[in-house]
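Please read the structure below before turning to the comments.
The values are calculated or read from the model by the stated rules, or taken from the named source; none is laboratory data. Fair warning: this is a prediction, and the values are worked out from it, not measured in the lab. Heads up, the Cβs are rebuilt from the backbone with ideal geometry, glycines too, and the neighbour counts pull from every protein chain shown.
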Amino acid sequence: MADRSFLDWPFLDPAHRDLAGRLEAWAEAEVEALTRDHGDVDAVCRGLVKALGAAGFLELTVPSAHGGSNERIDVRSLCLAREILGRHHALADFAFAMQGLGSGPVTLFGSEDLKARILPPVARGEAIAAFALTEPEAGSDAAALETTATREGEGFVLNGAKTWISNGGIADHYVVFARTGEAAGAKGLSAFLVEADAPGLLVTERIEMIAPHPLATLRFADCRVPAANRLGSGGDGFKIAMATLDVFRATVGAAALGFARRALDEALAWSRQRRIFGEPLVSLQMTQGKIADMATAIDAAALLVYRAAWTKDQGAARVTREAAMAKLFATEEAQKVIDQALQLHGGEGVRVGRKVEALYRDIRALRIYEGATEVQKLVIARQMEQT
Ligand code: COS
């Protein structure tokens, strides 16, 4: 059982401890069966969204005015949920997280009508959400995106391509960022809610990953979107994307933390029962050194993650620096922790089907998506220049 002493830290309230207990019990009972069949990753993710919705946990991803559990999205709850679900299975974390990221721009910047229409089904697990920012030629440099949205009559017409879109192909709607041209660069973008069945929206490629999850390339070919589906004002798109990422980046760190805690658990269990040179592997000082490094990295990452989440929950307008630090450190350290856990397993660590082997693949994308490690460093350095 993973260390739970962090639940007593002052960053968390009794409601968080209650949530952790309920979600842990649910995950223990449900996640294994829900993730067993890996032949059809789309079906697994649909099933997870449905089950998480039915159990009420997706209510954490939207505000209470629209079917959620807290008045404002509580970032500490999102982090706890991602950490716990991630410790059980990467896809359980993925299914949960995308409901938040995919609907986050609507929560933060949508009109009342759009929120009332979009958010309750997301919270019930009856609609699957997605966030479409990245393009073939605009990843880390998000402001370079080229998809266009042109005003035509009562709406907008979208043309262009998006790629690496999580939930692409199974989502019911996408928040799409496009160039509307109010100004050059970052100031000329807008955000739109696009229904998956909008004519002109095509899924052109499904992308296979080292740790599979639904992922696609989308094409917009004269795709018409009603003006009422625009989030915020024209030209606000980049700020909407960045403000949404401010909320969700710390939660990526939390997912990494969940993976790392699981790796440490696996390493401890293995090294207690594996005998080497006539004694348990865990008795070797070299093993103890690894375990100490892993446990310390995990606590340090947890402190950064819950510091960022707490700061946002206290009402900070921006947590750009805190969230970037949490994501950067927690994902990088989780990679090292998992690598150490795998190393302790010896040959068994690279056997397909071993949990550490899956974690080794699961963690890799987290150092890249929602702002690669190098982007987080850029963001942190820029923030330091402003202090
Ligand atoms: N919240 C609100 N506004 C923000 C913001 C934030 N976190 N970050 C930037 N902005 C605003 C800035 O304040 C600026 O507006 P003003 O000139 O009015 O102040 C505007 O947005 C442009 O910001 P900036 O000049 O920093 O833009 P850059 O193009 O230089 O941004 C980075 C560079 C690398 C920080 C940005 O492109 C980025 O985060 N890239 C990674 C994208 C990403 O995470 N992709 C993954 C997609 S999800 S899988």
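Against the condition within 16 Å of the ligand (Cβ to nearest atom), buried (at least 22 other Cβ atoms within 10 Å of the Cβ) and of a type in the set (S, T, N, Q), how does Thr311 come out, does it pass?
No, not satisfied.
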Considering the stretch 3-19 alone, what residues qualify as being over 14 Å from Tyr306 (Cα atoms) and buried (at least 19 other Cβ atoms within 10 Å of the Cβ)? Leu19
Quick check: anything in the stretch 151-158 assigned to a strand (DSSP E or B), touching a helix residue (DSSP H, G or I) at 6+ places or on another chain (Cβ under 8 Å) and within 13 Å of the ligand (Cβ to nearest atom)? no
Quick one: in the stretch 112-136, of everything that is within 16 Å of the ligand (Cβ to nearest atom) and of a type outside the set (A, V, I, L, M), which residue is farthest from Gly100 (Cα to Cα)? Pro136
Pairs, please: C-beta under 8 Å, at least 6 apart or cross-chain, first residue within 13 Å of Ile165 (Cα to Cα) and in the stretch 191-214, second of a type in the set (Lys, Arg) and surrounded by fewer than 17 Cβ atoms within 10 Å (Cβ to Cβ)? Pro214/Arg206
Counting only helices (runs of 4 or more DSSP H) wholly inside the stretch 46-137, the ones holding at least 2 residues that are closer than 27 Å to Thr35 by Cα and modelled with pLDDT under 95 are none
Failed criterion for Leu189 (all others in (1) farther than 22 Å from Phe94 by Cα; (2) buried (at least 22 other Cβ atoms within 10 Å of the Cβ); (3) more than 16 Å from the ligand (Cβ to nearest atom) hold): (3)
Within the stretch 338-387, considering residues that are of a type in the set (Lys, Arg) and under 18 Å from the mean Cα position of the chain (by Cα), the one farthest from the ligand (Cβ to nearest atom): Arg361
Failed condition for Asp42, given (1) assigned to a helix (DSSP H, G or I); (2) surrounded by 18 or more Cβ atoms within 10 Å (Cβ to Cβ); (3) of a type outside the set (S, T, N, Q): (2)
